[in-house]
Amino acid sequence: MIPFEATTLHNGLRVIAHRDPGTPLVAVEVLYRVGSRDDPPQRTGLAHLFEHLMFGGSAHASNFDDALQLAGGENNAFTNADATNYYNTLPACNLEIALWLESDRMCCLKLDEATLRIQQQVVIEEFKETTYGEPYGDAWHHLLALAWKHHPYRWPTIGQSPAHIAAISLEDIRAFYDRYYHPANAVLVIAGNVNPHHALVQAEKWFGELPARPMPLRQLPVENPQGPRKAEVHGNVKVEALFLAWHAPARTHPDYHAAELISDLLDNGPSARLYRRLMRERKLASHIDCYLSSHIGPSLFVIEGRPAKGVSLVQLELAIREEIARLCEELPSMRELTKVQNKAEANLLFGEIQVLHKALNLAFFEMLGDAAMIQTEHLKYRQVQRHDIQRVAQQMCSPEREIVLYYLPQQ
């Protein structure tokens, strides 16, 4: 259990406070409900670029990092398709330093051409390094483009191309800030060695007078049912790779937890099916991985594989299909299901050890609809039955809905 107190300020900011007396620290997490799904189609990468700009200084703090480090703290941030997170850890006695800094850049961020141009170059170099400089670095770009034709999940968080990032103007940045960076579109979590009531009072002190703005309205397109899709791409790699994907339940869908347990049945440790049968026993793969994408909306169930020496992509694909077919045709054993349920519950418990993780998780579940959902998350894994695994596998991994990407060495 993670007990907490919560309130909503007059300007719409949702504030959550959790006391953890086992640490001398406090974590301050600010989640904004904006991610790469909110990028304009010709300015993809904007949400991620803006994350960088948030560290460029505000009206009363010319350097965010220096002020926090002088208070004995550290900070970081990350952007995904659905949200942008800014988090700080520092001694609990210096809580107000983090609240001051976060409130100042929520309302008074400094935005100018010079800072924008510097951060554009930083992000473009990051794009080149992660997309072009790593083996299979652009595979996710191709896979998303196959999976989505209309939904903004069709581009990765870092953007579709460096040209999109370079085209972002100061006017684009200011409009993005005004639309998404305000109290009503944010969640503030204070977790650590603090009195929850005191923490809520401090949140009111530093954020309560920030102006209210209307929540941004989104009309995300719905993807029509699709047939199978397949593509081949070439890159600077030495080993072929296979990517199999299917559309999967959204994070709040009743079948999501069964889908996650399916990925663990297939690939979570040396006793999982894909690893045991394809790598250890049949020696068909040199690498295998299975996971759900991190989207809050409709996600992707993905299997990645690289064939062993002397094995073709077709052989590896057929072997994976055999395992999927077995999952759809046969109920998993009770022992197998209990094992992955135990692992899922253990991961949740380990995620509650560090105060920063608790702050991140509370903000995440609040974004899903209610921070109190964190208290019952483990029960949702326990409630999955053997027939749920089979049913969800049959519905999700339909051959009529599959997405196949072959990643081949350059000819």
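Here, each number is a calculation from the coordinates, and none is a lab measurement. All values derive from a computational prediction rather than experimental measurement. When we count neighbours, we look across all protein chains shown, and the Cβ atoms used for this are built from the backbone with ideal geometry, even at glycine.
Table for the structure above
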| quantity | calculated |
| --- | --- |
| Sparsely packed trypsin sites (Lys or Arg not before Pro) within the stretch 292-374, loop by DSSP, other Cβ within 10 Å at most 15 | 309 |
| Under Karplus coefficients 6.51, -1.76 and 1.60, residue-wise ³J(HN,Hα) of the stretch 5-22 in Hz, glycine/proline x | 10, 9, 8, 10, 6, 4, 8, x, 5, 8, 10, 10, 10, 10, 9, 10, x, x |
| Per principal axis, descending, Cα span of the stretch 233-381 in whole Å | 51, 39, 27 |
| Distance-filtered residues of the stretch 112-129 - backbone nitrogen under 15 Å, label point 7 angstrom along residue 161 Cα→Cβ | 128 |
| Cα-Cα pairs of the stretch 5-207 separated by more than 20 Å (percent) | 58 percent |
| Euclidean distance between Cα centres, the stretch 93-171 to the stretch 229-268, Å | 24 Å |
| The stretch 244-332 - Rg (one decimal) and Dmax (whole number), Cα, Å | 13.3, 42 |
| The stretch 173-203 and the stretch 53-74: distance between their alpha carbon centers, rounded to Å | 16 Å |
| Mean Cα-pair separation over length for the chain, i.e. relative contact order, pairs under 8 Å, 6 or more apart, % | 22 percent |
| P(r) weight above 34 Å for the chain, C-alpha pairs, percent | 37 percent |
| Signed unit charges on C-beta, dipole axis of the chain, positive-most listed residue 170, 324, 224 | 324 |
| Helix-only mean residue ellipticity at 222 nm for the chain, each DSSP H run of n ≥ 4 adding -39500 (n - 2.57), per residue, nearest 500 | -11500 deg cm²/dmol |
| Kyte-Doolittle at least 0.0, axis length at least 30 Å by Cα - qualifying DSSP helices, the chain | none |
| FRET efficiency estimate (nearest 0.05) - Cβ-Cβ, residue 335 to residue 149, R0 41 angstrom | 0.50 |
| Length added when fully stretched, residue 286-residue 354, from 0.36 nm per residue minus Cα-Cα | 21.0 nm |
| Two-decimal ratio, the stretch 287-371, of alpha-carbon radius of gyration to 2.2 N^0.38 Å | 1.48 |
| Alpha-carbon Debye profile of the stretch 62-174, log10 I(q)/I(0) at 0.14, 0.24 Å⁻¹ | -0.78, -1.33 |
| Mean separation of Cα contacts under 8 Å, 6 or more apart, over the residue count of the stretch 229-409: relative contact order % | 39 percent |
| Trypsin sites (Lys or Arg not before Pro) within the stretch 125-199, DSSP loop, no more than 15 other Cβ atoms inside 10 Å | 149 |
| Inter-probe distance in nm under a simple model that places probes 7 Å from Cα toward Cβ, at residue 111 and residue 325 | 5.5 nm |
| Anisotropy class of the stretch 150-227 from Cα gyration tensor, a/c 1.5 cut | prolate |
| The stretch 324-411 - Rg over Rh from alpha carbon coordinates, Kirkwood radius | 1.11 |
